[in-house]
Amino acid sequence: MEGGAMSLSSESRKEEEQQGTSYTYWVRQVAEDAAPPPVPRKLSPQDILSAQSQPSTLGSLWNRAGTWEEKNVNKWATDRIKELLLSVGTLEFSGGKAEISDVFKCVGDAFLVTVRNKKRVSYTYELTLKVKGREWIFGEEKNTVKGQIDIPEFSFGELDDLQMEVRLSEEKDILRQDKLRVSKDLKLFLQPVREKLLQFEQELKDI
């Protein structure tokens, strides 16, 4: 009896182990005729011609579906902002003339974003412009003044709220009231600067 009981018990354990093994160690085998994994392939001239014959989509050639794509255009944007602001030219005021002599600081980022085949633009910049004034009359003498215009951070769609701060170089022979008058006049650069930045914004959208 005991021998028979031990034999049954041993067979039961084997069955349990086999059942447990079938669940624990089951592994899917890859068939020999299964398709190989995809391999990246460089676009050929035929691919490019084929894509050009397709209806146009925004974004890169690889992004035919027009899904999310972000393109950095910092260099173009920075160079274009500098070029436009230096083209403002000379402004004449009641007390003299002034011009933007240099774009001393032009720091920021600009991006083109394609989402679902729709293009969006985004940028954020801050500027410091060097200004040089000529033939400013203080008393009976004509003087040259130097200063800078600081434009705090601005972004796409915010140019109506553009602000600037004028700082003049330390000129010991210019009276305080004359400095205040010059600073007030130089703030009139706000409108032509805003117009140039609006032009930049439009050109960015047209890229």
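Starting from residues that are under 38 Å from the mean Cα position of the chain (by Cα), part of a loop (DSSP other than H, G, I, E, B) and not acidic (Asp, Glu), keep the ones in segment 164-192 and report whichever is surrounded by the most Cβ atoms within 10 Å (Cβ to Cβ). Once the filter is applied, the top-ranked residue is Met164.
Here the condition is being modelled with pLDDT of 90 or more and β-branched (Val, Ile, Thr); of Ile174, Ile151, it holds for Ile151 alone. Filtering segment 75-87 to residues that are under 13 Å from the mean Cα position of the chain (by Cα), open to solvent by 70 Å² or more (accessible area, probe 1.4 Å) and either without any contact (Cβ under 8 Å) to a residue 40 or more places away in the chain or closer than 18 Å to Glu153 by Cα (or both) leaves only Lys75. Only residues that are among the aliphatic types (A, V, I, L, M) and part of a strand (DSSP E or B) were counted in segment 151-163, giving 1. Scanning segment 162-171 for residues that are modelled with pLDDT under 90 and among the acidic types (Asp, Glu) returns Glu170, Glu171. In segment 88-131, the residue that is farthest from Leu175 (Cα to Cα) out of those that are small (Gly, Ala, Ser) and at pLDDT 95 or above is Ala110. I'd like the residue in segment 111-144 that is in a strand (DSSP E or B) and of a type in the set (S, T, N, Q) and, out of all such residues, is most open to solvent (accessible area, probe 1.4 Å). In this case the residue turns out to be Thr144.
The residue that is farthest from the chain's Cα centre (by Cα), among those in segment 88-110 that are within 19 Å of Glu201 (Cα to Cα), open to solvent by 60 Å² or more (accessible area, probe 1.4 Å) and of a type outside the set (A, V, I, L, M), is Lys105. With respect to (1) at pLDDT below 95; (2) under 28 Å from Glu70 (Cα atoms), the lone exception for Arg134 is condition (2).
The values are calculated or read from the model by the stated rules, or taken from the named source; none is laboratory data. Note that the coordinates shown come from a computational prediction; the quantities given were computed from them, not determined experimentally. In this analysis, Cβ positions are derived from the backbone assuming ideal geometry, glycine residues included, and neighbour counts consider all displayed protein chains. All accessible areas refer to the heavy atoms of the entire protein, side chains included, with ligands and DNA or RNA removed. Shrake-Rupley method; radii C 1.70, N 1.55, O 1.52, S 1.80 Å.
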